[in-house]
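Input: a single structure, listed below in structure tokens.
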């Protein structure tokens, strides 16, 4: 009882204050210091209005819990979106790509609305009640599952990036994009939930002659890819969850294939069918697109894994150092990833790759996942050539642009993982360059 | 007590030395080989389950023993309905036939709008031929290392190793807006036409207009670039070939961890020529601000907006169809030169490739509303 009466007393006091404030405010609205309601003071030029002025969000209701039942980002974040360009579309925006704003990424998880998406025939909107997964071919017992049945299998959750092997591909013959979103944004990273295919296969009697698996989607593109049985029996998954919720339609709702670390196009979306066979399929985009032509005239096919790679995300053209002053201590930060294993370490260079120092890894370091690296740097206002070079636990190290061109030439389109360099000017502006030494 | 303290110090020392070593593995169980002793096929690492964990993840080791009872056996008809792939040996390739001439007229009707006459491609849509395929195949060693150098020609005829991919592609992927709509005979006819414009011979025979392609002839096609791909993935050794190839880093390059004086002299730089590619939608901005609301008719509830989206955006959302793109100031300035009344009239009566009222049955005032909305977007 005492407490209650105290509380009501306080409320009365507060309302007195508010009355006082309202009356005072009526006389000089903008000249009031928020923290000094009882004793209004004159505001000086050096006082930050963000602090000394009353804000509407502090003096009115916010919106009620009944609003936005599926939460939305703050409207002030509206510039943080995927982006597209006509130059990277096959005639229309049904066969095209939208890039992830990796300069705005935090940690190693991409929010579902920002996950890059590449489509071959638009985003299918599938009714999960009318969708099935069929497994057939060289198995003793072919199987059909409804989505509810599929989700009854024991689930696993894994954090993996998905990268289009064309990430950075337009820059084989030199830098093209004054933007990190377009130079390296054909990738994202999420926690995926689903089932290992090997766990389903245990009951189906996979035949000895089965060396390959065809995965096929049921969308407009009927995208198909051939996966060797080794990967199927290692870590390939059928996933229905993305960062704690159902896959987004752009990612293949209700289910997609996930072959961790391998070319994004192998992670077939809107997955309907897995067929096991003794020969590879030569599926539609398999040799027409996803092959890497070498100077010998021969092209690498079935180029599975995205090789070890890295990029500095801060600074970058979108997030330059133009607001720094000499002597500021600033973090150089970036992303490293390898489809062949776990990031071992990342080296940084300030002179375009002539001399290197080791950066720190930070946060979670997981196989076939984005990994953060960091180095503290005292800004001197001098021009720099900032490069990063990652290595993984399978023994792969990012090659120089020169070495990569010696082996692969400049016509590969796919699988470019040469060392990436930003030029930082005296003013702190950041340009996309390549070091050919 | 003393013993365990001593142990801690020791292990700290070990950890510290491991951290500075360049070969320290993040996960002790990381392996370059599968449990059957074979190398990981992509040249990478695998993480076998040890002590209930794979890398950082705990696993329920009782969950992967099988004996699940979910689902059912598919019927024969169900498998037939979904088993739509076509393999190089003819598996999945149905009987049927069609001539080059039939393919030519089908192409005009269903394909030329995007792939242009004779499959020359354009506006971003892929070319289906670039001359004689046997000659074009020889360009695959071309490298554009200087600005005036010709690149390799990578079209169906010069690049694809198997013809089966073409049949599969047309049947299940084309025409792009309506896949699975062609009959098997139509797919044979279109295949014949595309083979003929690539000047590909079957059994030494050129495909003239009345050449009729069927299943047996299709299986005799030998693509000019059939041996153009590595590793060899066919036959019982295909998977092993891939394993060998990707475990030899020399095949695709690998860096070295040089730390000091890694090249002579100053770095040679390659820069973006001109302003590079910077036509991005939406334009790049990292500002934290409220989205700009367009004034008046352009707002969310503008009259005409819904009708536009339902009936007109198909053609006017991009300039791919030759229609003035909504929001393209230049294109609309050109349209408006004739005056707004002329624009209304054109919209009602049709102009260039656009049928009257864009092919809709909207009342006149609704059409005008849409015009107003489209014009407002270009201001």
- Return the average number of partner chain Cβ atoms within 10 angstrom of each residue Cβ along peptide A:284-295. 6
- Query: Taking chain B as a Gaussian network, Cα atoms linked when under 10 Å apart, which of B:303, B:152, B:179 shows the biggest mean-square fluctuation?
  - Reply: B:303
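Given the protein assembly as shown, report the % of alpha carbon pairs whose separation exceeds 35 Å. Please report the intermediate quantities before stating the final value.
On the way: 188767 of 332520 pairs.
Across the protein assembly as shown, Cα pairs with separations above 35 Å total 57 percent.
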- How do A:103, A:415 line up, fewest other C-beta atoms within 10 Å first? A:103, A:415
- Query: Would you list A:130, A:216 from fewest to most Cβ contacts within 10 Å?
  - Reply: A:130, A:216
- Rounded to the nearest 500, what is chain A's calculated 222 nm mean residue ellipticity when only DSSP H runs of at least 4 contribute -39500 (n - 2.57) each, over all residues? -4000 deg cm²/dmol
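Starting from the Cα gyration tensor of region A:83-290, take the square roots of the eigenvalues, sort them a ≥ b ≥ c, and report rounded, prolate or oblate (rounded when a/c is under 1.5, otherwise prolate if a/b is larger than b/c, else oblate).
Because a/c hits 1.5 or more and a/b exceeds b/c, region A:83-290 counts as prolate.
Can you pull the mean other chain C-beta count within 10 Å for peptide B:30-36? Intermediate values should be presented prior to the final figure.
Values: counts 7, 3, 5, 0, 3, 2, 2.
Per residue, the number of nearby Cβ atoms from other chains is 3 on average.
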- Message: With angles folded into 0 to 90 degrees, how steeply does helix A:2-27 sit against the dominant principal axis of chain A? Use alpha carbons for both and round to 10.
- Response: 80
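Taking only Cα atoms of region A:309-433, what ratio of Rg to Rh do you get with Rh as the Kirkwood inverse-distance radius?
Details: Rg = 14.6 Å, Rh = 15.0 Å.
My calculation puts Rg/Rh at 0.98.
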- Task: Report the normalised scattering of chain A as log10 I(q)/I(0) at q = 0.09, 0.11, 0.12, 0.13 Å⁻¹, calculated by the Debye formula with identical scatterers on the alpha carbons.
- Result: -0.69, -0.90, -1.01, -1.13
- What value, in deg cm²/dmol to 500, does the helix sum -39500 (n - 2.57) over DSSP H runs of n ≥ 4 give at 222 nm once divided by the residues of chain B? -9000 deg cm²/dmol
- Note on the structure: Mean per-residue count of partner chain Cβ within 10 Å for A:138-148 equals 3
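How fast does chain B diffuse by Stokes-Einstein, in µm²/s, taking the Kirkwood radius from C-alpha pairs at 37 °C and 0.692 mPa s?
Numbers: Rh = 28.2 Å.
For these conditions, the coefficient is 116 µm²/s.
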- Could you state the angle between the C-alpha long axis of helix B:184-197 and the longest principal axis of the C-alpha atoms of chain B, as a value from 0 to 90 degrees rounded to the nearest 10? 90
- Message: So for each of B:182-192, A:70-80 I average, over its residues, the number of other beta carbons within 10 Å; can you give me the resulting order with the highest mean first?
- Response: B:182-192, A:70-80
- Query: What angle, in degrees between 0 and 90 and rounded to the nearest 10, separates the Cα long axis of helix B:340-349 from the longest principal axis of the Cα atoms of chain B?
  - Reply: 90
- Quick note on A:182, B:70, ordering by fewest other C-beta atoms within 10 Å, gives B:70, A:182
- Item | Antiparallel bridge percentage (DSSP; both residues within the protein assembly as shown; nearest 5) | 90
- Message: Between region B:83-128 and region A:299-335, how far is it from one alpha carbon centroid to the other, in angstrom?
- Response: 43
- Query: Can you give me the Cα centroid spacing of region B:136-209 and region B:334-377 in angstrom?
  - Reply: 40
- Part-to-part distance (alpha-carbon centres) for region A:349-385 and region B:210-254, which is given in Å: 41
- Histogram of C-alpha separations across region B:80-218, 10 Å bin width, %: 12, 42, 34, 11, 2, 0
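A short reminder: the numbers here are calculations on the coordinates, not readings from a lab. The structure presented is a predicted model; accordingly, all values stated were derived computationally and were not measured. Counting neighbours? That spans all protein chains shown, and the Cβs are built from the backbone with ideal geometry, glycine included.
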